Structures are given as C-alpha cells and as structure tokens.
Amino acid sequence: MIENFYSEEDAGYITVVPELPGCSAFRKTEEEALKEVKTTRKRNPQHPV
C-alpha cells in the first residue's frame, strides 16, 4: 500500500510506504512523489529504504 498526502506546512506532497520503513518521498506534485517512491521500490524490492 502507498499513502500519499499533501502537507500544507511543507507545501508539497509526501508519499510513504508504511510496510517499508524509510521508504518515502517529498515533491511539489503528487505525481512526482508517487513516481519517486515507485522508482525506489523497483531499485530495491527487498530493501526497506
């Protein structure tokens, strides 16, 4: 599962993968944050970060 939410304080989107500690991204758009997390998961499918 991937969680994505907007942070008013940071003025950007935060995307996290709760089952993979440390796997998160912050970007200005929702699409960029989601893409970053998906890229990280592809590179390191067994590694939590």
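The values are calculated or read from the model by the stated rules, or taken from the named source; none is laboratory data. Just so you know, these numbers come straight off a predicted model, no measurement behind them. Here Cβ is always computed from backbone atoms with ideal geometry, including for glycine, and neighbour counts include all displayed protein chains.
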query: Which pairs have Cβ atoms under 8 Å, sit 6 or more apart or on different chains, and link a residue in region 1-21 that is at pLDDT 90 or above and crowded, with 17+ Cβ neighbours inside 10 Å to one that is assigned to a loop (DSSP other than H, G, I, E, B) and of a type in the set (S, T, N, Q)?
result: 13/29
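From the set of residues in region 22-31 that are loosely packed, with under 14 Cβ neighbours inside 10 Å and charged (D, E, K, R), which is nearest to residue 41 (Cα to Cα)?
Ranking the qualifying residues of region 22-31, first place goes to 31.
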field: Residues satisfying the stated conditions in region 1-17, i.e. closer than 13 Å to residue 41 by Cβ and not hydroxyl-bearing (Ser, Thr, Tyr)
entry: 1, 2, 16, 17
statement: Restricting attention to region 15-34, the residues that are touching a Gly at 6+ places or on another chain (Cβ under 8 Å) and within 10 Å of residue 2 (Cβ to Cβ) number exactly 1
